[in-house]
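The values are calculated or read from the model by the stated rules, or taken from the named source; none is laboratory data. Computed from a predicted structure; not experimentally measured. Cβ placement follows ideal geometry from the backbone for every residue including glycine, while neighbour counts extend to all protein chains displayed. Quick note on the areas: whole protein, heavy atoms, side chains included, nothing else; ligands and nucleic acids left out. Shrake-Rupley method; radii C 1.70, N 1.55, O 1.52, S 1.80 Å.
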Amino acid sequence: MSSAHSAVPTAGSVPSPSASSSASPASPASSSAAPTIAELLAFVRRTARDEALIASLPLDPEGRTWIRLDGPGGSEAWLIGWPPGTGTGWHDHADSIGAFTTAAGALKEHSLAVRLPTDGWKTLELTDGVDRSRELAAGQGRAFGQNHVHEVLNESEDVHAVSVHAYYPPLPRIRRFSRTGAVLRLEQTESPEDWQ
């Protein structure tokens, strides 16, 4: 059985690919072609319905837990447990496309309907009307393209949430942001070496 790893529930917590073991959900064999956004979304939805896999994730009341999964077409995939009151902080997945689905509990996603410059900026003033929020109950998910800026939260006071995530290509970097009103500030860029 695969082991799960716990992270301190801070905005900087990222599952560490080098520190995790893999689990294969009951799904069709991965193809060698790069997966599309639709294929990533289908994978996370299918995996979120695997009750045995979801139940195999140990839940920690203090921090997020996760298991690395085998995603389709060489994608990076994760099963993640969210204690009440935890979240990711504002971030993007740089050049990766992705998808996630809530498998248990509920998550909230805040996102920005804006394409950010890829490099060369530290502070950006956001225009009115770019904020989006969505509740994702069990069985609900979403897909996104490159440079999608969001934060994901478990706003429950007493219920764990569990979700399935997939990214392609495997995360080359994650940019972390802070936000004060309409001002978005690039705080840190992380690469896979930072997670080892």
Checklist entry - Rounded if a/c is under 1.5, else prolate if a/b beats b/c, else oblate: with a ≥ b ≥ c from the C-alpha gyration tensor eigenvalues square-rooted, which is the range 122-173? => result oblate
Next on the checklist: Could you compute the net charge surrounding residue 178? Neighbours are other residues with a C-beta less than 13 Å from the C-beta of residue 178; K and R count +1, D and E count -1.
Outcome noted: +3
Checklist entry - Tell me, what is the FRET efficiency for residue 183 and residue 59 to the nearest 0.05, using R0 = 35 angstrom and their Cβ-Cβ distance as r? => result 0.50
Checklist outcome for this item: Mean accessible area per residue over the range 51-102 (1.4 angstrom probe, all protein chains present, square angstrom) is 27
Checklist entry - Given +1 on the Cβ of Lys and Arg, -1 on the Cβ of Asp and Glu, and no further charges, what dipole in debye does the range 111-170 carry about its Cα centre, rounded to the nearest 20? => result 360
Checklist entry - What does the charge add up to near residue 99, with Lys and Arg as +1, Asp and Glu as -1, over the other residues with Cβ less than 14 Å from its Cβ? => result +1
Next on the checklist: Need one word for the range 45-196: rounded, prolate or oblate. Basis is the Cα gyration tensor (sqrt eigenvalues a ≥ b ≥ c); a/c below 1.5 gives rounded, then a/b vs b/c decides.
Outcome noted: prolate
Item to check | Per-peptide average of other Cβ atoms within 10 Å, ordering 105-116, 90-101 highest first | outcome: 90-101, 105-116
Item to check | Share of carbon and sulfur in the accessible heavy-atom surface of the range 105-196 [1.4 Å probe, %] | outcome: 45
Checklist entry - Considering only protein heavy atoms, what per residue accessible area in square angstrom results for the range 117-156 with a 1.4 angstrom probe? => result 56
Checklist entry - From the square roots a ≥ b ≥ c of the eigenvalues of the alpha-carbon gyration tensor of the range 108-196, which class results: rounded (a/c under 1.5), prolate (a/b over b/c), or oblate? => result oblate
